[in-house]
Each structure stands twice: as C-alpha cells, then as structure tokens.
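Worksheet: the structure to be examined is printed underneath.
Every number in this text was worked out from the coordinates using simple rules, so none of it is lab data. This is a predicted model, so every value here is computed, not measured. Here the Cβ is made from the backbone with ideal geometry for all residues, glycine too, and neighbour counts use every protein chain on show.
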Amino acid sequence: MQIDYAKVLVTGGSSGIGLETASQLRLRGAAVAICGRDGEKLQRIADNIGAVPIQADVSVESDVVEMVGMIVDRFGDYNVLINNAGFGHFAPLVETTLEEMQRVYATNVFGAMLVARESARHFVRQSYGNIVNVVSTAGQRGFAGGTAYASSKFALAGMTECWRAELRKHNVRVMQINPSEVQTQFFAAASREQKFSDRKLRPLEIAHAIVSMLEMDDRGFVPEMSVWATNPD
C-alpha cells in the first residue's frame, strides 16, 4: 500500500515499539491515531508526533467499540491496525497466580482480539484493510518464567493464523511481526532487569520492519517476520 494513503490505529502507541511505529508512519504521511490508558501522556505524545490521541483500555470491550467507531468517523477509510498493546509478567510456574495470568491475557489476548474484531468488521465492509499483530519471538519458543507472557504470545500467534484464513477473501492482509529483545521500558514495567547495549535492537528496527511489510503492493503480503539483533552482547 502507499503509506501516505494509510489511516492507522496503533494500540499501545504512547511508548516503545508502538510510539516509534506511529512516528515513522507519520513521517511518511500516514494519518495515525494512538491509544493508551494514560490520557495526559497520550496527549503529550500525540501532540509531539501529530497523531490523534484516543484514551482507551483495550481490555474493556466498551472502550474498544467506542474507539474504533471514533476512528472510522475521523478517518473514514480507516485501513491499518497495528495491534501492539501488551505487557509482560514473568515468574516460575509455582509462583504464578491465576490473577496474574488473567491480567496478562486481558490485554495481550482478549484486548488484541477485541480491537481486531471491531477493526475487521469495518475492513470487511469496505473490502480492504491491514492488521499487523505485534507478537514476539516468545510466541515461537517458551522459556523459564514465561508461563503468562509466552503463552499469551503463542495465543496471539494462533489467532493471527485464524484471522488470516478468514479475512484474505475480503482483501484484508493479516501479518505478524516477532521482535526479539528490544530496548524499551518493557522489562522495567515488568520489574525485570534489562542490560542496554548499542548492539541490541531498538524500537526503530521493529518500526522499519512493520512499515516495510505495509509498503508491499497490496497484491501480496508477508505473513510473518521475525527480527533479531545481528550480534547482541
């Protein structure tokens, strides 16, 4: 697609991969809305990059329905969802609580489904759209302490395959991006230490990959892409 034709919603767009992706799309002429739960931060970021801020919690169905309706009203031909909102919780199985699992799944799985569902309803009506699900290499291979987070990303990867099978006939491209470790505040928010390095991935590399996937002519699409650091410390 032509990026300057893109009308985009980026969930979790006020920080990290979401913010960088929204910024790169704006630089290329796309109309972009970003959503998040912190209204003050969201407004500040939106003003900085020229995006439309929408305060919403993707785990709340009424918020999602209202948000997508607002974007359709604002953009008219809304045509790209970057399904990025998510967070991590890391603990051994024997220390993982049901409440923690449910909290991760509420955003990473159920929230992603709700935003995709409401967006897909619009995309199907107009017979065109793009969904990019930000999964993770954690959704390809589990690891110790990853019961909540890795399983939520495996679930999102599985949903991606289902949506792709359903929506291709409606000219909707459903794509998956799997970042490996990216230097953001993600680990700090999960109370997990991260060693920063000039050789590790930045949000910019993931944003570049997402924009590249979207830029392919609409007759084709990249079903899945994984991005690894070449030689991290």
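A few points about this structure:
- In this structure, the amide hydrogen of GLN183, modeled 1.01 Å from its nitrogen in the peptide plane, lies closer than 5 angstrom to those of LEU201, ARG202, counting only residues at least 5 positions away or on a different chain.
- Centre-to-centre, using Cα atoms only, region 53-123 and region 141-167 are separated by 14 Å.
- As a calculated quantity, the FRET efficiency between GLU95 and ARG44 at R0 = 35 Å, using C-beta atoms, amounts to about 0.45.
- Residue exposure sequence - HIS208, HIS122 - by fewest surrounding Cβ within 10 Å: HIS208, HIS122
- Helical runs assigned H by DSSP (4 residues or longer) give the chain a calculated mean residue ellipticity at 222 nm of -13500 deg cm²/dmol, each run adding -39500 (n - 2.57) before division by the residue total.
- Anisotropy class of region 96-145 from Cα gyration tensor, a/c 1.5 cut: oblate
- Computed from backbone phi, the HN-Hα couplings of region 137-143 come to 5, 5, x, 10, 8, x, 7 Hz, rounded to whole numbers (Karplus: 6.51 cos²θ - 1.76 cosθ + 1.60, θ = phi - 60°; Gly and Pro given as x).
- Projected label distance in nm at ASN171 and ASP218, using a 7 Å step from Cα toward the beta-carbon: 0.4
- ³J(HN,Hα), Karplus 6.51/-1.76/1.60, whole Hz, each residue of region 25-41, x for Gly, Pro: 5, 5, 4, 9, x, 6, 8, 9, 10, 10, 10, x, 8, 8, x, 5, 4
- Estimated FRET transfer efficiency (ARG199, TYR5; beta-carbon r; R0 41 Å; 0.05): 0.70
- Ranked for footprinting exposure by Cβ neighbours inside 10 Å, fewest first, TRP163, TRP228 give TRP228, TRP163.
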